[in-house]
Amino acid sequence: EPALGPEAWWDTHPDGSSRLLIVDDSELCEERWTEQARRSLSAGTAIVAVARTSDALVDFRGLISELKQAGTGLLLQPSAFDGDLLGVNTAGTPADLRPGRGLLVLASVARSPHSRGHPVPIQVLAPD
């Protein structure tokens, strides 16, 4: 599907049924989109949202808050406190992570008492 603004996307997908929704600058999303995002998640839509950690850490309502509750995400070049977003411990993460390196956090990892604090190291490739 072509790229659509949020109003147009939800107008064409009122039940949230789509395979993937990518949201850039998600900290700018209006709070009214939260319920629509919730419907999309429950309909099986994967939502990839990009946000600055500083904004996401203090967002307690809206789209980012809803996605944080899911407990799954990719933290690129995380600092010691970025894991708080997804309920994992990133305090021991090396400070010299190169661009594209980060930690993959799956909801099952974040919620498991046996693996809490052990996200999976990952390298994201950039196209040439």
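The values are calculated or read from the model by the stated rules, or taken from the named source; none is laboratory data. Quantities reported herein were computed from a predicted structural model and do not represent experimental measurements. Quick reminder, even Gly has a Cβ in these numbers, built from the backbone with ideal geometry, and neighbours come from all protein chains shown. All accessible areas refer to the heavy atoms of the entire protein, side chains included, with ligands and DNA or RNA removed. Shrake-Rupley method; radii C 1.70, N 1.55, O 1.52, S 1.80 Å.
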Test: residue in the stretch 50-73 that is within 16 Å of LEU21 (Cβ to Cβ), modelled with pLDDT of 80 or more, open to solvent by 70 Å² or more (accessible area, probe 1.4 Å) and under 12 Å from the mean Cα position of the chain (by Cα): yes
Subset of the stretch 95-128 that is at pLDDT 70 or above and over 20 Å from ARG52 (Cβ atoms) - its residue that is most open to solvent (accessible area, probe 1.4 Å): LEU125
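What is the residue count in the stretch 1-35 for residues that are at pLDDT 70 or above and either more than 17 Å from the chain's Cα centre (by Cα) or under 20 Å from GLY73 (Cβ atoms) (or both)?
Residues of the stretch 1-35 that are at pLDDT 70 or above, as a first pass: 8, 11-12, 19-35.
From what's left, either more than 17 Å from the chain's Cα centre (by Cα) or under 20 Å from GLY73 (Cβ atoms) (or both): 8, 11-12, 19-29, 32-34.
Within the stretch 1-35, residues that are at pLDDT 70 or above and either more than 17 Å from the chain's Cα centre (by Cα) or under 20 Å from GLY73 (Cβ atoms) (or both) number 17.
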